[in-house]
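For reference, the structure discussed in these notes is given below.
The values are calculated or read from the model by the stated rules, or taken from the named source; none is laboratory data. Please read these numbers as outputs of a predicted model, since none were measured by experiment. Methodologically, a virtual Cβ is constructed for each residue, glycine included, from the backbone with ideal geometry; neighbour enumeration extends over all protein chains shown.
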Amino acid sequence: MIRLCCINDTKMILNQKQQKIISIILKHKNVQSSDIYEELLRIKEDISLITVKRILSELVKKDILVVNGSGRSTSYDVDIKGRVFFEVDAHEYCSIDPDKRYGLKQYNFELFSSFPREIFTEDELKKLNNATTRYKSKLKDFPPALQKKELERFIIELSWKSSKIEGNTYTLLDTEKLLLDNQVAIGKTKEETQMVLNHKEAFNFIYKNSEEFENITRKNIEDLHKILTKNLNINYGLRKKIVGVTGSIYKPLDNVYQIGEAIESLGMMISKLSDPYSKALMALLGVSYIQPFDDGNKRTSRLIADAILLSNNLPPLSYRSVDEKEYKEAILVFYELNSINPSKKIFIDQYYFTVENYSVFKN
């Protein structure tokens with residue numbers, strides 16, 4: 001069992017009034033208490049100005065908000081911790097026209113350097129640990145022949161779903177025939193076939209070399225990306241040109257030196273996180289956020305997250321049951337608001353799914 005630090009639930013679970021105030025500040029930025037009060041009245045919130053000021057003071061003490069100015073010019077903005085733990089309905093947020101959203105349009109240079117060390121609550125971490133205990137109990141005396149078949153099944157399902165998230169039209173059955181019998185599906189492009197094959201090779205690589213992924217580095221990210229994009233006409237190495245994110249106001253870094261520094265900052269942040277679940281989740285989100293390559297970023301982030309789980313003797317995620325739209329919306333919310341909550345929920349759900357559906361990882 002992983003006995004590590006976690007969020008103090010009583011400090012970080014915010015009530016509805018607190019969440020509404022955070023939402024107002026995120027939308028309007030550097031807001032004074034009187035403006036927040038007037039906005040709450042406008043949305044029919046029963047609250048006094050004195051109560052608003054008390055809540056603001058509480059949120060400042062919790063490092064959720066930051067104070068700017070003093071006296072009558074005092075205003076409030078949302079600090080990194082406030083962004084990270086902001087409760088947001090990802091589907092509702094993403095249904096807003098991109099140009100009308102209130103999220104960040106640029107890379108947040110303070111995000112990784114100021115990231116909280118604990119991101120799972122005590123209850124969440126307890127449930128994850130209990131799931132891990134159940135999983136490891138299933139592995140006792142597990143026959144090697146069955147283990148091999150289970151591993152094959154996991155690789156097939158990961159390769160299929162991760163590729164599908166990227167728009168690949170291979171079905172699960174097509175993927176099984178390709179990876180087990182080398183049978184290329186009729187009507188699929190060479191690129192689609194290669195993408196699926198690359199996933200198998202990439203997972204085998206992290207499975208056999210899991211000790212190299214206790215933390216992420218520029219080298220192991222680039223090594224994994226190279227495998228995932230082999231023969232797909234995608235440049236290797238950090239990108240040197242601008243990329244956009246479809247359907248998002250967020251524009252990633254466009255300077256190769258800053259991209260390299262961002263990866264280093266991400267690696268340092270992950271090394272300080274208090275548990276391997278957090279490390280895996282933030283590798284998943286962080287690599288996607290930086291967008292270090294011309295293409296293949298989200299594929300790389302999913303495999304890096306699995307590599308970190310494997311390096312800590314934890315089961316990886318196949319994403320088999322994830323809803324692709326929900327997954328993409330959760331990632332987009334992290335891009336624009338830096339909130340991890342929608343992605344954290346998906347991570348926990350997929351971890352439980354792995355525990356209940358696979359018995360394969362005696363690497």
(request) Kindly establish whether Leu49 is of a type in the set (A, V, I, L, M), touching a residue at least 40 places away in the same chain (Cβ under 8 Å) and either surrounded by 13 or more Cβ atoms within 10 Å (Cβ to Cβ) or touching a helix residue (DSSP H, G or I) at 6+ places or on another chain (Cβ under 9 Å) (or both). (result) no
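Residues are listed down the side, and each one gets a yes or a no for (1) part of a helix (DSSP H, G or I); (2) assigned by TED's automatic domain parsing to the domain that holds Leu332; (3) of a type in the set (A, V, I, L, M, F, W, C):
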residue: Ser163; (1), (2), (3): yes, yes, no
residue: Val196; (1), (2), (3): yes, yes, yes
residue: Asn215; (1), (2), (3): no, yes, no
residue: Leu224; (1), (2), (3): yes, yes, yes
residue: Asn233; (1), (2), (3): no, yes, no
residue: Ile249; (1), (2), (3): no, yes, yes
residue: Gln258; (1), (2), (3): yes, yes, no
(request) Could you please find all residues in segment 311-363 being closer than 22 Å to Thr121 by Cα and of a type in the set (Val, Ile, Thr)? (result) Ile331, Val333, Ile340, Ile346, Ile348, Thr354, Val355
(message) So if I check each of Leu173, Leu178, which one is surrounded by 12 or more Cβ atoms within 10 Å (Cβ to Cβ) and either aliphatic (A, V, I, L, M) or under 16 Å from Lys298 (Cβ atoms) (or both)?
(response) Leu178
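Keeping to segment 10-28, report how many residues are assigned to a loop (DSSP other than H, G, I, E, B) and loosely packed, with under 13 Cβ neighbours inside 10 Å. Spell out how you get there, then give the answer.
So in segment 10-28, the residues assigned to a loop (DSSP other than H, G, I, E, B) come out as 13-15.
Cutting the leftovers down to loosely packed, with under 13 Cβ neighbours inside 10 Å gives us 15.
Residues that pass the stated criteria total 1.
Of a type in the set (Asp, Glu) and either out of contact with any Lys or Arg (no Cβ under 8 Å at 6 or more places or on another chain) or at positive phi (or both): is that true of Glu261 in this structure? Show your work before the answer.
Working: of a type in the set (Asp, Glu): yes; either out of contact with any Lys or Arg (no Cβ under 8 Å at 6 or more places or on another chain) or at positive phi (or both): yes.
Yes.
Residues that are of a type outside the set (A, V, I, L, M, F, W, C), in contact (Cβ under 8 Å) with a residue 24 or more places away in the chain and assigned to a loop (DSSP other than H, G, I, E, B): does segment 284-292 have at least one? Outline the logic, then answer.
From segment 284-292, those of a type outside the set (A, V, I, L, M, F, W, C) are 286, 288-289, 291-292; that's our starting set.
Checking which are in contact (Cβ under 8 Å) with a residue 24 or more places away in the chain leaves us with 286, 288-289, 291-292.
Restricting the remaining residues to those that are assigned to a loop (DSSP other than H, G, I, E, B) gives 291-292.
For segment 284-292, residues of a type outside the set (A, V, I, L, M, F, W, C), in contact (Cβ under 8 Å) with a residue 24 or more places away in the chain and assigned to a loop (DSSP other than H, G, I, E, B): present.
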